[in-house]
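So the structure is just underneath, and the comments pick up after that.
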Amino acid sequence: MAAHYLDFERPIADLESKIEELSRLSETAGPGAFDTEIQALRDRAQELRKEAYANLDAWQKTMVARHPQRPHLRDYVAGLIDEFVELRGDRKFADDQAIVGGLGRFRGQPVVVMGHEKGHDTTTRLKHNFGMARPEGYRKAVRLMDMAERFNLPVITFVDTAGAYPGLGAEERGQAEAIARSTERCLTLGVPMVATIVGEGGSGGAIALAGANRVLILEHSIYSVISPEGAASILWRDGARAKDAATQMRITAQDLIKLGIVDRIVEEPAGGAHSDTEAAIQAVGDAVEDELKAMAAMSPAELKKQRADRFYAIGRAGLQ
């Protein structure tokens, strides 16, 4: 897949274009002809990448969180889960591929794993409905969580959605109720649950899989009740003010951890998770493993209480 550059990455794109051009010339000029120049350009591109990603504003982070080459659920499953067996359907209506889940082994431990899948090209994006789940997707999630509790398996979720699907059919089949049931099931689980916001965490479609004991977030991911574009349209009747809305909404990982909405930030490689997907996936795996180990000795009652205390505390800091 050709590299995709965001607007603020244009200087990096120009340098990497020159690197590619010199590399082609070196093939005809002979081995090592431009090695010094190419290495200098690579070093400069890496410096620019580090500088750019160290100073992202909220809107730029939104763009990074939506980057089409950012690793998605299928990538995390392939990199972290052995012996994965996908389980499909909600046993009521259909199988919704916007949420994918099943059984597998995470670093030797049997787990239930699920999350939103956006797809990586036109065909798969349509198949997975761009990660926007319908009611049957959330009912499938409830079915998987019921199974996890029945067999005493930890639950690992990966959140990456702009929000639940707002179509007529979804509303007719009880979208709001399905989201509420999935959120409720997260909160009442008697097994450890770790959720990671790996891209966009949008509205109820995200919280339905993120009512966990520990909520992690990648460094350049976002988590919000509505998209910046939607907020700008409501507040100012001007979707073009999405950048202002992103700043005011406090949707970045750095804002969210201060507010107690997330528990841990997972650092991304320089240039974002899409610049080194393997390193990003392993960093998430290490963080999830740490959190599961910390909860290994907790009883079902302790897990439920910890989860309840965690969510009750949000928004109450400084009110006493």
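The values are calculated or read from the model by the stated rules, or taken from the named source; none is laboratory data. These numbers come from a predicted model, not from an experiment. With ideal geometry, Cβ positions are generated from the backbone for all residues, glycine too; neighbour counts draw on all protein chains shown. These accessible areas exclude ligands, DNA and RNA; they are computed on the full protein's heavy atoms, side chains included. Shrake-Rupley method; radii C 1.70, N 1.55, O 1.52, S 1.80 Å.
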Which of the residues that make up segment 302-312 are in contact (Cβ under 8 Å) with a residue 12 or more places away in the chain and open to solvent by 60 Å² or more (accessible area, probe 1.4 Å)?
Lys304
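Yes or no, residue by residue, for (1) part of a loop (DSSP other than H, G, I, E, B); (2) modelled with pLDDT of 80 or more:
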{"site": "Asp14", "(1), (2)": "no, no"}
{"site": "Lys18", "(1), (2)": "no, no"}
{"site": "Leu25", "(1), (2)": "no, no"}
{"site": "Pro31", "(1), (2)": "yes, no"}
{"site": "Leu41", "(1), (2)": "no, no"}
{"site": "Arg49", "(1), (2)": "no, yes"}
{"site": "Tyr53", "(1), (2)": "no, yes"}
Could you check, for segment 129-146, whether at least one of its residues is open to solvent by 30 Å² or more (accessible area, probe 1.4 Å), out of contact with any helix residue (DSSP H, G or I) (no Cβ under 9 Å at 6 or more places or on another chain) and either within 27 Å of Glu289 (Cα to Cα) or in a strand (DSSP E or B) (or both)?
yes
Checking the structure you have, find out if any residue of segment 135-156 is at pLDDT below 95 and more than 16 Å from the chain's Cα centre (by Cα).
no
What are the pairs, 6+ residues apart or on separate chains, where a residue within segment 48-59 that is in contact (Cβ under 8 Å) with a residue 24 or more places away in the chain has its Cβ under 8 Å from a residue that is assigned to a helix (DSSP H, G or I) and small (Gly, Ala, Ser)?
Arg49/Ser275; Asp57/Ala246; Ala58/Ala246; Trp59/Ala242; Trp59/Ala246
Name the residue that is surrounded by the fewest Cβ atoms within 10 Å (Cβ to Cβ), counting only residues in segment 259-282 that are hydrophobic (A, V, I, L, M, F, W, C) and touching a helix residue (DSSP H, G or I) at 6+ places or on another chain (Cβ under 6 Å).
Ala270
Looking at this structure, is Val262 closer than 22 Å to Leu187 by Cα, touching a Leu at 6+ places or on another chain (Cβ under 8 Å) and not in a helix (DSSP H, G or I)?
yes
Yes or no: Gln97 part of a loop (DSSP other than H, G, I, E, B) and more than 14 Å from the chain's Cα centre (by Cα)?
yes
Residues of segment 45-59 that turn out to be open to solvent by 50 Å² or more (accessible area, probe 1.4 Å) and touching a helix residue (DSSP H, G or I) at 6+ places or on another chain (Cβ under 6 Å), as a count
1
Is there a residue in segment 83-98 that is surrounded by 22 or more Cβ atoms within 10 Å (Cβ to Cβ), under 15 Å from Val191 (Cα atoms) and touching a Ser or Thr at 6+ places or on another chain (Cβ under 9 Å)?
no
Looking at Gly115, Gly119, which is the one that is open to solvent by less than 60 Å² (accessible area, probe 1.4 Å), farther than 15 Å from Gly201 by Cβ and not β-branched (Val, Ile, Thr)?
Gly119
Could you run through segment 163-187 and say how many residues are within 12 Å of Met145 (Cβ to Cβ) and either without any contact (Cβ under 8 Å) to a residue 40 or more places away in the chain or open to solvent by less than 60 Å² (accessible area, probe 1.4 Å) (or both)?
5
When you go through (1) small (Gly, Ala, Ser); (2) closer than 30 Å to Met147 by Cα; (3) open to solvent by 50 Å² or more (accessible area, probe 1.4 Å); (4) touching a residue at least 60 places away in the same chain (Cβ under 8 Å) one by one for Ser203, which number turns out not to apply?
(4)
If we keep only residues of segment 147-162 that are part of a helix (DSSP H, G or I) and open to solvent by 10 Å² or more (accessible area, probe 1.4 Å), then the residue farthest from Met298 (Cα to Cα) is Met147
Right, Ala245: at pLDDT 95 or above and either farther than 15 Å from Thr157 by Cα or crowded, with 23+ Cβ neighbours inside 10 Å (or both) or not?
no
Consider Val191 carefully, then state whether it is open to solvent by less than 50 Å² (accessible area, probe 1.4 Å), within 25 Å of Gln254 (Cα to Cα) and touching a strand residue (DSSP E or B) at 6+ places or on another chain (Cβ under 7 Å).
no
